[in-house]
Amino acid sequence: MIVEQYGLIYSRVTEQDLETLRYWRNQSFIRNTMQFKDYITPLMQKKWFQHINNKYNYYFIIQHNHKKIGLINCKDASANSKVAEGGIFIWDTAYWGTSIPVYASLTMLQAVFDVFQSGEASVATVACDNKVALDFNLKLGYEIKSTTPDGKYYKLFLTREKFFKHCHKLMRAAT
């Protein structure tokens with residue numbers, strides 16, 4: 001599956017992408033922002049892919065100008081759950097602080113609510129000390145709903161209604 005929107009190309013993760021993803025995911029500047037901080041081995045990566053490669057998980061490589069720059073996902077998106085969890089990481093630091101991560105997130109959230117029809121809300125988990133990611137999600141309309149029992153992560157929540165109301169101007173500006 002390949003999707004194009006806002007000048008970006010999103011291609012569904014395949015086995016051929018696993019080593020690239022593993023390389024970037026293991027970089028300390030990415031790994032240290034994640035809940036799972038351990039080094040990922042090739043076997044771990046393969047098991048992860050076998051677990052997520054189904055109709056309820058949507059993992060896409062983000063490309064800009066034919067260059068792979070990051071990963072965005074929506075996981076556990078069954079119609080029965082009514083809630084899907086999203087995530088993004090941009091490994092190409094030249095894109096940090098640009099509109100590209102916003103456009104990628106808008107595309108995924110539109111897909112969550114309109115294409116995948118995965119429910120009425122999106123959730124995200126962000127490290128409490130990751131101010132950049134927290135601010136980014138708050139600007140998209142997410143709200144902090146709780147903190148994990150260990151106090152290290154916020155659980156953020158965005159309803160379908162709030163997304164379309166809050167992000168209408170962003171989506172219009174992106175086109």
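The values are calculated or read from the model by the stated rules, or taken from the named source; none is laboratory data. All of these numbers come straight from a predicted model, not from anything done at the bench. Neighbour counts run over all protein chains shown; Cβ positions are idealised from the backbone, glycine included. Side chains are part of the model used for accessible areas, which takes the heavy atoms of the whole protein and leaves out ligands, DNA and RNA. Shrake-Rupley method; radii C 1.70, N 1.55, O 1.52, S 1.80 Å.
Take region 109-127 and flag every residue that is open to solvent by less than 20 Å² (accessible area, probe 1.4 Å) and under 15 Å from Arg160 (Cβ atoms).
Of region 109-127, the ones open to solvent by less than 20 Å² (accessible area, probe 1.4 Å) are 109, 111-113, 118-119, 121-122, 124, 126-127.
Leu109, Ala111, Val112, Phe113, Ser118, Gly119, Ala121, Ser122, Ala124, listed by residue number.
Please specify each residue of region 28-51 satisfying the condition of being touching a residue at least 40 places away in the same chain (Cβ under 8 Å) and open to solvent by 50 Å² or more (accessible area, probe 1.4 Å).
Listed by number, the residues that qualify are Phe29, Thr33, Gln35.
Would region 84-93 turn up any residue that is more than 23 Å from Tyr153 (Cα to Cα), at pLDDT below 95 and either acidic (Asp, Glu) or not in a helix (DSSP H, G or I) (or both)?
Scanning region 84-93 turns up no residue that is more than 23 Å from Tyr153 (Cα to Cα), at pLDDT below 95 and either acidic (Asp, Glu) or not in a helix (DSSP H, G or I) (or both).
Specify which of the listed residues (Ile144, Ile100) is surrounded by 13 or more Cβ atoms within 10 Å (Cβ to Cβ) and over 20 Å from Phe60 (Cβ atoms). Please lay out each step first, then the result.
Numbers: Ile100 fails: over 20 Å from Phe60 (Cβ atoms).
After applying the criteria, what remains is Ile144.
Out of curiosity, is Glu85 over 12 Å from the mean Cα position of the chain (by Cα), acidic (Asp, Glu) and open to solvent by 20 Å² or more (accessible area, probe 1.4 Å)? Walk me through how you get there before you give the answer.
Numbers: over 12 Å from the mean Cα position of the chain (by Cα): no; acidic (Asp, Glu): yes; open to solvent by 20 Å² or more (accessible area, probe 1.4 Å): yes.
Spelling it out, it is not the case that Glu85 is over 12 Å from the mean Cα position of the chain (by Cα), acidic (Asp, Glu) and open to solvent by 20 Å² or more (accessible area, probe 1.4 Å).
Considering only residues that are over 21 Å from Leu156 (Cβ atoms) and over 13 Å from the mean Cα position of the chain (by Cα), which ones fall in region 53-68?
We begin by selecting, within region 53-68, every residue over 21 Å from Leu156 (Cβ atoms); these are 53-55, 61, 63-68.
Asn53, Asn54, Lys55, Gln63, His64, Asn65, His66, Lys67, Lys68, listed by residue number.
Would a scan of region 67-74 turn up a residue that is modelled with pLDDT of 95 or more, open to solvent by 40 Å² or more (accessible area, probe 1.4 Å) and of a type outside the set (A, V, I, L, M)? Steps first, please.
Step one: list which residues in region 67-74 are modelled with pLDDT of 95 or more, which gives 67-72.
Restricting the remaining residues to those that are open to solvent by 40 Å² or more (accessible area, probe 1.4 Å) gives 67-68.
From the residues that got through so far, the ones that are of a type outside the set (A, V, I, L, M) too are 67-68.
Yes; the residues of region 67-74 include at least one that is modelled with pLDDT of 95 or more, open to solvent by 40 Å² or more (accessible area, probe 1.4 Å) and of a type outside the set (A, V, I, L, M).
How many of the residues in region 19-52 are at pLDDT 95 or above, of a type in the set (S, T, N, Q) and either in a loop (DSSP other than H, G, I, E, B) or under 23 Å from Asp92 (Cβ atoms) (or both)?
Within region 19-52, residues that are at pLDDT 95 or above, of a type in the set (S, T, N, Q) and either in a loop (DSSP other than H, G, I, E, B) or under 23 Å from Asp92 (Cβ atoms) (or both) number 6.
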